[in-house]
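What follows is a short report on a single structure.
The values are calculated or read from the model by the stated rules, or taken from the named source; none is laboratory data. Being a predicted model, the structure only gives us computed values, none of them experimental. Positions of Cβ are generated from backbone atoms using ideal geometry, with glycine treated the same way; all protein chains shown enter the neighbour counts. Surface areas here come from the heavy atoms of the whole protein model, side chains and all, with no ligands, DNA or RNA. Shrake-Rupley method; radii C 1.70, N 1.55, O 1.52, S 1.80 Å.
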Protein chains: 2
Amino acid sequence: MASQRGEGELTTTPLEPADRERARAIPEAAVARLAVYLRVLSGMVDQGVTTISSEELSQAAGVNSAKLRKDLSYIGSYGTRGVGYDVEVLVSHIERILGLTRKHSVAVVGIGNLGHALANYGGFPGRGFPVTALFDVDEDLVGVPVGGIPVNHIEDITTVCAEREVSIGVIATPPPAAQAVCDRLVSAGVQCILNFAPVVLQVPDNVEVRKVDLAVEMQILSFHVARRADEAANDLVNGIGVDGMVIRP
Amino acid sequence: MASQRGEGELTTTPLEPADRERARAIPEAAVARLAVYLRVLSGMVDQGVTTISSEELSQAAGVNSAKLRKDLSYIGSYGTRGVGYDVEVLVSHIERILGLTRKHSVAVVGIGNLGHALANYGGFPGRGFPVTALFDVDEDLVGVPVGGIPVNHIEDITTVCAEREVSIGVIATPPPAAQAVCDRLVSAGVQCILNFAPVVLQVPDNVEVRKVDLAVEMQILSFHVARRADEAANDLVNGIGVDGMVIRP
DNA sequence: ATCTGTGAAGTGCTTCACAGCT
DNA sequence: AGCTGTGAAGCACTTCACAGAT
């Protein structure tokens, strides 16, 4: 089960050989942060900031400055020692590394509450991710435009996705439907999936899945509430007050 | 700036001293997976499965079995060598560690597309996370019930959250409003925040923030599209076909 | 005979700290 | 004098592989 998509539509600026090795080597964690830096930097551009130091940028992005510099070093050396980084230069290099010079068509499957919300973002968060197809099983929804795009029936995923060159599929269906939907997306040649359904998807190696799992997020927070409550109880026993002051040393 | 909440309402089953040290020591990454195991196990219970091996459970959860066993070992030794784990026992231990024996009131701030979707989940993903308060700046929305709960004005966050003992705040506002909303939640004593706004929130150390950032997720996927496209181009140059076979060895 | 629980080895990410450029 | 870029050290998570329980 592999991609059926040809290799003919490479519209991205081709990477230099040096960049190529780098792209392979960037830690996943760093990629996520690059996206954050990019957003912060875009804000800077709007404010007319032209130059920024690693210290300032790292503060704004909520990381420490060594990490920021290391992250930026993965994509090359575009700073000036003693000065800092040119904001626009940085923006364009990060955009290139993240593949944002290309448009990525998005299909949303499952037009319930969440699907509606996603479709109505219109051009998905941050531009460059146009939603070009919507799917649902509900016959009553088929043909109805949501966020300007008419809903197609789930049966047609394969043809419609191929036609519209969808490169990212978003699964917003109820859990039981998710795997089947995923399989269809994959057989339509979609190699990147963003999954909102609380299900562990099985996919071939050449497909990248990212998961957004609200239940997991809530439960992680719950864990921290519990840990904190417990530490507090523990500290009280040991004579430490709620605000961290020792009451009974 | 610290919690203003008293320490009197600890309704959680208190952890044994041994568990206490463990809770402190569980890696964050393991906590996230425990939540996944819990969901898979709940499904097992519904199917009437009573016993499961690390191999089976790890498959269903999409991790390898050594990792699963190590994760479970963080919460104690509840398996039987030569046999496997008792599903119900495991469920109840994971629930206890994740603090799911307590209810966690949730407030959603920002009742736009996403806020609506979230409010309409009713009892948030997976039970145990009742949404008890909604907030927005829009006067026209105030008083209107969404998912059964009337919307309050954002001005009233502090009082309403304190009143309803909200322990988790969900921020679904536009980016510019997020930090101010966050500050209000914090001063209402909320120590856990789930942030959907594409903004890096500044919070005191005693507050836990989890971020769900669609733009970042999309951009990570975009990065992988780019990397793959580039590898393919690269491989073609080196005489390797699209399906991985060497054409020109 | 089988499957868990876990030290120990391995891997990858983060932080340090400073050489080197402007 | 200031700030980047980066080897090297440190830390955390993952995987291995096997002793030990049933």
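Taking first residues from the stretch A:78-99 that are under 11 Å from A:ILE52 (Cβ atoms) and partners that are small (Gly, Ala, Ser) and part of a strand (DSSP E or B), the Cβ contacts under 6 Å between residues at least 6 apart in sequence or on separate chains come to A:TYR85/A:GLY79.
Filter the stretch B:74-88 down to the residues that are in a helix (DSSP H, G or I) and under 17 Å from B:ALA35 (Cβ atoms) and list them by number. Full working, then the answer.
We begin by selecting, within the stretch B:74-88, every residue in a helix (DSSP H, G or I); these are B:74-75, B:87-88.
The answer is B:TYR74, B:ILE75, B:VAL87.
With the requirement that a residue be touching a helix residue (DSSP H, G or I) at 6+ places or on another chain (Cβ under 7 Å), over 17 Å from A:VAL190 (Cβ atoms) and part of a loop (DSSP other than H, G, I, E, B), what does the stretch A:89-129 give you? A:LEU98, A:LEU100, A:THR101, A:ILE111, A:PRO125, A:GLY126, listed by residue number. Considering the stretch B:48-66, the residues that are assigned to a helix (DSSP H, G or I), open to solvent by 20 Å² or more (accessible area, probe 1.4 Å) and within 14 Å of chain A (Cβ to nearest Cβ) include one that is nearest to DNA strand C (Cβ to nearest atom), namely B:GLU56.
May I ask you to list the residues in the stretch B:152-183 that are in a helix (DSSP H, G or I) and closer than 22 Å to B:ASN113 by Cβ? Matches in the stretch B:152-183: B:ILE154, B:ILE157, B:PRO175, B:PRO176, B:ALA177, B:ALA178, B:GLN179, B:ALA180, B:VAL181, B:CYS182. Look at (1) more than 28 Å from B:MET44 (Cβ to Cβ); (2) within 14 Å of chain B (Cβ to nearest Cβ) and you find that A:PRO204 fails only one, number (1). Of the set (1) over 21 Å from the mean Cα position of the chain (by Cα); (2) more than 9 Å from DNA strand D (Cβ to nearest atom); (3) modelled with pLDDT of 95 or more, all apply to B:ASP19 but (3). Taking B:ILE94, is it buried (at least 17 other Cβ atoms within 10 Å of the Cβ) and over 20 Å from the mean Cα position of the chain (by Cα)? Here the answer is no, as B:ILE94 does not meet what is asked.
For the stretch B:170-201, the tally of residues that are at the interface with another protein chain (Cβ under 10 Å from one of its Cβ atoms) and of a type in the set (Gly, Ala, Ser) stands at 1. Listed by first and then second residue, the pairs linking a residue in the stretch A:133-150 that is in a loop (DSSP other than H, G, I, E, B) to a residue that is among the small types (Gly, Ala, Ser), with Cβ atoms under 8 Å apart and 6 or more places separating them unless they lie on different chains, are A:VAL137/A:ALA177; A:GLY147/A:ALA119; A:GLY147/A:GLY122; A:GLY148/A:GLY122.
Restricting A:VAL207, A:VAL200 to those that are open to solvent by less than 20 Å² (accessible area, probe 1.4 Å), within 25 Å of B:ARG228 (Cα to Cα) and among the β-branched types (Val, Ile, Thr) reduces the list to A:VAL207.
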